[in-house]
Amino acid sequence: MSLRNLWILVVAVVVGLLGLVGVSVLVTEPTQESAQEPSRKAAPKTPSTSAARSATPAPSPSTIDGCGYLFDSESPVDFPNPKAPDYAGPGPHLAVADTEADSPEGLEEFRLHTIDLPNEWQPWHKKRTYETDPARAELLICQTKAHQRSDTRVTRCDDDGIGWDVYPVTYTFEVYEMKTGRKVKTLTIRSDEPHTDFCPGPTQWFLGHAPDIGQHIKDETLQRRLRPLIMGPAR
């Protein structure tokens, strides 16, 4: 074999060996991207901040912006009142009350106010102890509807031949958290007061202008329905 042919053979062998080494490297060494892939797959997924916030249900917004004259221009607080005490834990949860409802046509009916609540449920002012302080209230009780449920009178107010019929009424009360405006409960209470202590006063009797009457609710009935909200644990 000539020297020239020998040299060509050596070169061919060297090139072949280098090719084998290159293939081996490609097979045995992962690329940088493939080496990082396992760690990328293993990384736990964490929820975004917005997703975490959305997982917590927001309180139901208030469906009213006040009740009667409780939160008029002279009121020391607005509704909702962000500075109100937290409605949380066991009772009592002090409350204020008023009436937003329109009277049934032609009737003079029961209208709820804070003074109608038991004394221990009212948020009395710390300094002016003869006044209530709505800033200390955790709950608002608002009478929102009064519906005459029958045309059959239940009793009659009479005085020397002048009288007015008394008709049964169904009252709706909505209870709200003062701090957030969240509606806590809706109560429907049927009138049940058998007496006529709520008949028109002397002036109305004399003038003869008193309308027919919507039957009232017994104190014990109203308190029995409200007591779990006032004295029980927060909802």
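The values are calculated or read from the model by the stated rules, or taken from the named source; none is laboratory data. This structure is a prediction, so every number in the text was calculated from the model and none was measured. Counting neighbours? That spans all protein chains shown, and the Cβs are built from the backbone with ideal geometry, glycine included. Ligands, DNA and RNA are stripped out before the accessible areas are found, and what is left, the full protein with its side chains, is counted by its heavy atoms. Shrake-Rupley method; radii C 1.70, N 1.55, O 1.52, S 1.80 Å.
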key: Answer residue from segment 226-235, given it is in contact (Cβ under 8 Å) with a residue 40 or more places away in the chain and not hydrophobic (A, V, I, L, M, F, W, C) and is most open to solvent (accessible area, probe 1.4 Å) among those   = Arg235
ask   = Is there a residue in segment 109-118 that is among the polar types (S, T, N, Q) and open to solvent by 60 Å² or more (accessible area, probe 1.4 Å)?
value = no
query = Between residues in segment 204-224 that are under 19 Å from Ser103 (Cα atoms) and residues that are open to solvent by 70 Å² or more (accessible area, probe 1.4 Å) and modelled with pLDDT under 85, which pairs lie under 6 Å by C-beta distance while being six or more apart or on different chains?
reply = Ala210/Gln204; Pro211/Glu108; Ile213/Glu108
ask   = Can you name the number of the only condition in (1) surrounded by fewer than 18 Cβ atoms within 10 Å (Cβ to Cβ); (2) modelled with pLDDT of 80 or more; (3) touching a Lys or Arg at 6+ places or on another chain (Cβ under 8 Å) that Tyr171 fails?
value = (1)
task = Select from segment 126-137 the residues that are in contact with a helix residue (DSSP H, G or I) (Cβ under 9 Å, 6 or more places away or on another chain) and surrounded by 15 or more Cβ atoms within 10 Å (Cβ to Cβ) and list them in ascending order.
result = Thr132, Pro134, Ala137
